Number of protein chains: 2
Amino acid sequence: MREFTVAPNPKAANLTEALDGIDHTGAPVTLPVVVEKPLTLFLNGQEIVTMMTIADYPDYLALGYLLNQNMLTLDDEITGIDYDDDLGVVVVRTARETDFEDKLKKKTQTSGCAQGTVFGDVMEKFEEIKLDEEAILKTSWIYALSRKINQQPSLYLEAGAIHGCVLCEGDVPLIYMEDVGRHNAIDKIAGYMWQHNIAPRGKIFYTTGRLTSEMVIKTVQMQIPIVVSRSGFTAWGVDLARQAGLTLIGRAKGKRFICLAGAERLVYDADPEQVPVEAAKHQRKAAR
Amino acid sequence: MREFTVAPNPKAANLTEALDGIDHTGAPVTLPVVVEKPLTLFLNGQEIVTMMTIADYPDYLALGYLLNQNMLTLDDEITGIDYDDDLGVVVVRTARETDFEDKLKKKTQTSGCAQGTVFGDVMEKFEEIKLDEEAILKTSWIYALSRKINQQPSLYLEAGAIHGCVLCEGDVPLIYMEDVGRHNAIDKIAGYMWQHNIAPRGKIFYTTGRLTSEMVIKTVQMQIPIVVSRSGFTAWGVDLARQAGLTLIGRAKGKRFICLAGAERLVYDADPEQVPVEAAKHQRKAAR
């Protein structure tokens with residue numbers, strides 16, 4: 001796959017809206033602001049959830065959500081995905097009959113954004129997943145990925161108030177998704193991987209958001225062995241990463257990063273002092 | 001009320017955990033990491049939601065969540081709040097009988113964090129709320145509040161990966177709550193206001209998090225006329241603020257800010273060029 005096979009399209013007309021305001025000097029300003037919309041997901045006639053999203057990839061979002069919630073399996077045959085922009089509805093149809101009435105009653109809201117929910121049986125599956133033990137992470141890749149992703153045109157650079165998630169391999173960013181909720185962004189990647197049959201082996205998951213329990217669970221669910229974040233982490237996120245054998249890197253910003261789990265995959269091949277200082281506009285999150 | 005009547009307690013033993021990791025130079029490091037825990041909320045025997053929280057104020061969180069979801073009204077008599085730390089359960093009991101079986105079936109997950117849910121009837125009430133039209137916001141207050149809140153010891157400065165919300169009056173920060181989910185932080189403030197009978201009149205709500213639709217809805221629900229954020233905003237958040245007559249300030253960082261709604265409350269009484277540059281450790285969010 002080539003670099004940025006999927007990249008943000010910050011100039012797309014429906015993703016931002018020009019709004020008028022007043023700045024700190026009292027001067028009028030007009031600026032692009034990200035549009036969030038409700039999207040209601042149905043699986044075979046059953047209403048599952050309503051999400052707030054930028055709605056750029058409702059199909060991947062729907063698929064990825066269902067996969068990451070164990071409502072679809074990798075073997076499921078999808079017979080159709082219908083999206084109605086006006087109604088804000090996406091319907092996923094499968095050959096198999098599905099019924100999650102009971103499942104939907106029991107969910108845990110997590111500390112993340114948007115779809116902050118994890119079902120009990122997701123945790124059961126979590127414990128069975130074996131991540132690729134041969135995967136490595138060169139420190140030069142961390143620096144190269146951060147630089148390339150920072151400099152890629154994005155809704156973040158255009159309008160802010162948005163999270164980014166990127167599926168990478170080595171030092172190559174492949175699929176860059178953004179959304180108001182970071183869980184939407186990772187779910188869109190999961191949906192893309194499923195639809196395009198992309199194996200998790202050797203992949204790296206990069207995110208601008210914090211590594212809370214749910215982001216770690218989703219990364220493991222997607223069988224990606226390495227996660228890198230510009231932001232911080234919670235104790236439970238780290239604990240889950242250690243249980244799963246996931247390599248967890250946080251606060252990856254400029255020359256700095258901290259590895260709190262799976263350090264055996266790290267290969268120190270770069271001199272941190274040679275890493276250029278990030279421009280102010282790329283410093284989307286504090287180093288903390 | 002005095003400044004920082006409630007302030008973070010970053011050294012509290014149960015809020016962080018010391019974890020070992022490796023940094024960008026390959027050196028071992030030990031650092032404090034925020035602990036997130038599941039907390040299941042019951043209202044009179046009915047399970048309402050499970051939230052991920054730092055669990056420092058389970059009682060205020062429980063009350064504020066129920067208030068902001070219209071499951072309690074300001075007139076309700078609370079007969080008890082029981083918290084069991086081991087079980088991770090908080091139970092709110094009221095004199096009035098409550099039944100939200102139907103309500104719980106229909107919720108919208110928003111682009112926020114943690115409790116990213118808004119019920120349809122919250123939107124109905126939203127349209128009826130009248131915010132204090134006489135409230136003002138001096139630009140000197142924005143600068144003073146940012147500086148005081150930045151410099152107050154916090155879990156953020158200690159461990160990162162956390163949001164802060166502060167109830168303020170004039171240039172005085174009063175109630176400073178932190179949580180892994182910014183919705184928990186605002187709900188804890190709502191719970192505190194209810195229990196201590198603090199009127200929203202003349203108050204300012206300050207948050208480190210983005211102003212998405214849900215944060216705007218909650219601020220209006222709490223009848224606070226002004227919201228100030230270090231972070232950005234979404235188009236729907238701005239739209240709702242304009243509908244409600246809420247003053248919305250985003251990207252308030254250093255000397256800069258942008259006002260996108262309710263600018264008639266702004267009083268420009270400070271020279272932005274006299275505002276000191278923020279130290280790097282306080283720059284928790286990008287200016288965007």
Single residue of A:Phe233, A:Phe257 found to be aromatic (Phe, Trp, Tyr) and either under 13 Å from B:Ile22 (Cβ atoms) or surrounded by fewer than 21 Cβ atoms within 10 Å (Cβ to Cβ) (or both):
A:Phe257
From the list A:Asp56, A:Asp20, which residue is more than 9 Å from every other protein chain (Cβ to nearest Cβ) and not aliphatic (A, V, I, L, M)?
A:Asp56
Can you tell me which condition B:Asp85 does not meet? The list is (1) without any contact (Cβ under 8 Å) to a residue 24 or more places away in the chain; (2) exposed (fewer than 15 other Cβ atoms within 10 Å of the Cβ), and all the others hold.
(1)
Just to be sure I understand, how many residues within segment A:244-270 are over 22 Å from B:Ala159 (Cα atoms) and either at pLDDT below 95 or not in a loop (DSSP other than H, G, I, E, B) (or both)?
5
Report the residue count in segment A:23-35 for those that are part of a loop (DSSP other than H, G, I, E, B) and facing chain B (nearest Cβ under 7 Å).
4
Just one listed residue, out of B:Lys281, B:Lys285, is facing chain A (nearest Cβ under 10 Å), modelled with pLDDT under 95 and surrounded by fewer than 19 Cβ atoms within 10 Å (Cβ to Cβ), and it is B:Lys281
Could you go through segment B:37-45 and let me know if any residue there is closer than 15 Å to B:Lys188 by Cβ, within 9 Å of another protein chain (Cβ to nearest Cβ) and among the charged types (D, E, K, R).
yes
Please verify whether segment B:205-215 includes one or more residues that are touching a Gly at 6+ places or on another chain (Cβ under 9 Å) and among the hydrophobic types (A, V, I, L, M, F, W, C).
yes
Only one of B:Val220, B:Val216, B:Val227 is more than 8 Å from chain A (Cβ to nearest Cβ), outside any helix (DSSP H, G or I) and not polar (S, T, N, Q), namely B:Val227
Checked segment A:200-213 for anything facing chain B (nearest Cβ under 8 Å) and among the polar types (S, T, N, Q); matches are A:Thr212, A:Ser213
Could you please let me know if B:Val92 is under 30 Å from A:Asp239 (Cβ atoms), touching a helix residue (DSSP H, G or I) at 6+ places or on another chain (Cβ under 6 Å), hydrophobic (A, V, I, L, M, F, W, C) and at pLDDT 95 or above?
yes
Within segment B:1-32, restricting to residues that are touching a Ser or Thr at 6+ places or on another chain (Cβ under 6 Å) and under 30 Å from A:Glu273 (Cα atoms), the one that is surrounded by the most Cβ atoms within 10 Å (Cβ to Cβ) is B:Pro32
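The values are calculated or read from the model by the stated rules, or taken from the named source; none is laboratory data. Just so it is clear, the model here is predicted, and its values are computed rather than measured. Because the Cβ atoms are built from the backbone with ideal geometry, glycine has one as well, and the counts that use them run over all protein chains shown.
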